[in-house]
Amino acid sequence: MVSQVPAINPGEEKYELPGRDSSHPDIYLALDHPLRAHVKEKKGRAYFFFQDTSKQGMRDAYAAEYAMKIPRGTKVEIMEKGWLELKPGDYLFSRSSLGSGRAEDDVLQAWVCGKEILTAHMAVQMMHARDNALGPRHLRTREKPKLNEKGEKTGGVAFKRCEHAKALNNTRCHTLAFLYKGPKKLVVPAAPGKMRGPELNATQVMRHDAVVPIAMAAMNETVPSIYKALKSHAELANTPRMGTNDNFAYATTQLNITPAQRAGG
C-alpha cells in the first residue's frame with residue numbers, strides 16, 4: 001500500500017506488530033501528537049501509518065482493502081497475526097508519504113471513546129430503546145414478520161411489525177431520519193421518521209433519547225478542527241438537526257436488524 005516511507009519525526013517510532021501481513025501498512029507511534037493536544041486526560045496513544053496518495057497508490061490501497069478479510073479466531077490468535085487493537089483514548093491517523101511529513105497535517109481515520117463518556121441516563125435510554133425495538137421475547141422470531149390469517153404481522157421483532165418500518169430494497173436496513181433522493185436532489189424525511197401526530201413514535205424516541213446523544217458524546221472527543229468544520233458546514237448548509245438540536249454531525253441514522261449467528265456456525 002505504500003511504495004516509499006519517508007523519515008519519521010522526533011518523538012515518533014515504529015510500533016512493532018509481530019506476525020503482521022506484509023500487505024498491511026506499518027504502524028507508527030507518536031509520543032506527543034499535536035492533534036491529540038485537546039485530550040485532557042493523557043490516556044491512550046496516537047498511531048499513524050503512511051499512505052501513498054498518488055493515483056496509483058490509492059488504486060493499490062483500494063484493491064488491497066477490498067480483498068482484505070475480517071480476521072477470525074480468538075483475540076490471542078488475531079493479535080498474533082499482527083493486528084492493531086485500538087483502546088479507549090487511542091487515535092489513528094494517516095500521513096501522506098508525498099506530503100509535508102508534519103504531524104499537524106495528518107488525517108484522522110479513527111478514534112476510540114471509553115465507556116466513561118456514557119452517563120447513567122444514556123445507558124438507561126439506550127436499553128429502553130433496545131427493548132422497545134425488540135419487543136417481548138416470547139413474540140420474537142429469527143425470521144422476518146409474516147402475515148397471519150387475520151392479516152396481522154407476527155414474528156420478527158417489534159420494530160419490524162410497525163406499519164412505518166420500511167426497509168431499504170427489501171433488506172433488514174431501515175433509515176430512521178432523512179433520505180437523499182438523487183434524481184430530485186432533495187433531502188426528505190424517511191418513512192419511519194415522519195411525524196404522524198403530536199406524539200413521538202418508538203423510532204423517533206430511539207433516535208432522540210438514545211442514539212444521537214451517545215453519538216454526539218463521542219463526536220465531542222474528535223480533533224477540534226474536524227469538530228469545527230462539521231459544525232460550520234451544518235450551519236452554512238442549514239442541515240436539518242436530527243434527533244437533538246445540538247446534532248450537527250449526523251444527518252441520518254440507520255437501524256440494521258439481523259439475528260445473531262452462533263460462533264463457528
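As for segment 112-120, it holds no residue that is out of contact with any Asp or Glu (no Cβ under 8 Å at 6 or more places or on another chain), assigned to a strand (DSSP E or B) and of a type in the set (S, T, N, Q). Filtering segment 57-67 to residues that are surrounded by 11 or more Cβ atoms within 10 Å (Cβ to Cβ) and under 19 Å from the mean Cα position of the chain (by Cα) leaves only Glu65. Can you tell me which residues in segment 26-74 are free of Cβ contacts under 8 Å to residues at least 40 places away in the same chain and within 18 Å of Asn220 (Cα to Cα)? Scanning segment 26-74 gives Ala37, Lys40, Lys42. If only residues of segment 150-167 that are out of contact with any His (no Cβ under 7 Å at 6 or more places or on another chain) and of a type in the set (A, V, I, L, M, F, W, C) are counted, the one that is modelled with the lowest pLDDT is Cys162. Screening segment 36-56 for residues that are out of contact with any strand residue (DSSP E or B) (no Cβ under 7 Å at 6 or more places or on another chain) and in a helix (DSSP H, G or I) and picking the one that is least open to solvent (accessible area, probe 1.4 Å) gives Gln56. Considering segment 3-24 alone, what residues qualify as being within 19 Å of Leu98 (Cβ to Cβ) and either surrounded by 18 or more Cβ atoms within 10 Å (Cβ to Cβ) or out of contact with any Phe, Trp or Tyr (no Cβ under 8 Å at 6 or more places or on another chain) (or both)? Passing the criteria: Ser3, Gln4, Ala7, Asn9, Glu12. Please verify whether segment 87-103 includes one or more residues that are touching a Lys or Arg at 6+ places or on another chain (Cβ under 8 Å) and in a helix (DSSP H, G or I). Checked segment 87-103: at least one residue is touching a Lys or Arg at 6+ places or on another chain (Cβ under 8 Å) and in a helix (DSSP H, G or I). With respect to the conditions (1) out of contact with any His (no Cβ under 8 Å at 6 or more places or on another chain); (2) open to solvent by less than 90 Å² (accessible area, probe 1.4 Å), Phe93 lacks only one, and its number is (1). Scanning segment 69-85 for residues that are of a type outside the set (Ser, Thr, Tyr), open to solvent by 70 Å² or more (accessible area, probe 1.4 Å) and farther than 13 Å from Arg20 by Cα yields Lys69, Ile70, Arg72, Lys75, Val76. Assess whether Gln204 counts as being over 19 Å from the mean Cα position of the chain (by Cα), open to solvent by less than 30 Å² (accessible area, probe 1.4 Å) and either at pLDDT 75 or above or not acidic (Asp, Glu) (or both). Considered against the rule, which asks whether it is over 19 Å from the mean Cα position of the chain (by Cα), open to solvent by less than 30 Å² (accessible area, probe 1.4 Å) and either at pLDDT 75 or above or not acidic (Asp, Glu) (or both), Gln204 comes out as yes. Within segment 133-148, identify whether any single residue is out of contact with any helix residue (DSSP H, G or I) (no Cβ under 8 Å at 6 or more places or on another chain), open to solvent by less than 30 Å² (accessible area, probe 1.4 Å) and either at pLDDT below 90 or assigned to a loop (DSSP other than H, G, I, E, B) (or both), and answer yes or no. No. Scanning segment 242-265 for residues that are surrounded by 15 or more Cβ atoms within 10 Å (Cβ to Cβ) and out of contact with any Pro (no Cβ under 9 Å at 6 or more places or on another chain) returns Met242, Phe248, Ala249, Tyr250, Thr252, Thr253, Ile257.
The values are calculated or read from the model by the stated rules, or taken from the named source; none is laboratory data. Computed from a prediction, not measured in an experiment: that's the story for all the values here. All Cβ positions, glycine included, derive from the backbone under ideal geometry; neighbour counts span all protein chains shown. Please note that ligands, DNA and RNA were not included when accessible areas were found on the heavy atoms of the full protein model with its side chains. Shrake-Rupley method; radii C 1.70, N 1.55, O 1.52, S 1.80 Å.
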